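Below is one structure; the comments refer to it alone.
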Amino acid sequence: MDTLIPYDSLAPETLENILDDIVSRDGTDYGNYELSAEQKRQQALQALSSGSAVLLFDTESETIKMVPKDAI
């Protein structure tokens with residue numbers, strides 16, 4: 001079972017490291033244009049802060065993933 005991680009309970013450095021890992025994974029699609037790592041991180045943070053996405057700890061792969069809120 002996946003575990004919800006409240007992003008705002010994480011230390012800023014921890015959150016930054018998690019977002020860096022998420023946006024650098026292969027298969028992350030940002031459309032027909034390239035964004036810098038900082039731009040990707042800012043988009044991810046915006047999605048979390050707006051409530052449109054959440055962080056989940058995937059117990060099978062033992063990784064943290066970001067998913068649309070309506071997907072859970």
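Just so you know, in the range 10-41 the residues that are within 23 Å of Glu60 (Cα to Cα), open to solvent by 70 Å² or more (accessible area, probe 1.4 Å) and not charged (D, E, K, R) include one that is modelled with the highest pLDDT, and it is Asn17. Pro68 fulfils the conditions (1) modelled with pLDDT under 90; (2) open to solvent by 60 Å² or more (accessible area, probe 1.4 Å) except for a single criterion, (1). For the range 47-65, the candidate set comprises residues that are out of contact with any strand residue (DSSP E or B) (no Cβ under 9 Å at 6 or more places or on another chain) and of a type in the set (D, E, K, R); within that set, the residue that is most open to solvent (accessible area, probe 1.4 Å) is Glu60.
The values are calculated or read from the model by the stated rules, or taken from the named source; none is laboratory data. Everything numeric in this text was worked out from a predicted model, so none of it was measured. Note that we place each Cβ from the backbone using ideal geometry, even for glycine, and neighbour counts take in every protein chain shown. Ligands, DNA and RNA are stripped out before the accessible areas are found, and what is left, the full protein with its side chains, is counted by its heavy atoms. Shrake-Rupley method; radii C 1.70, N 1.55, O 1.52, S 1.80 Å.
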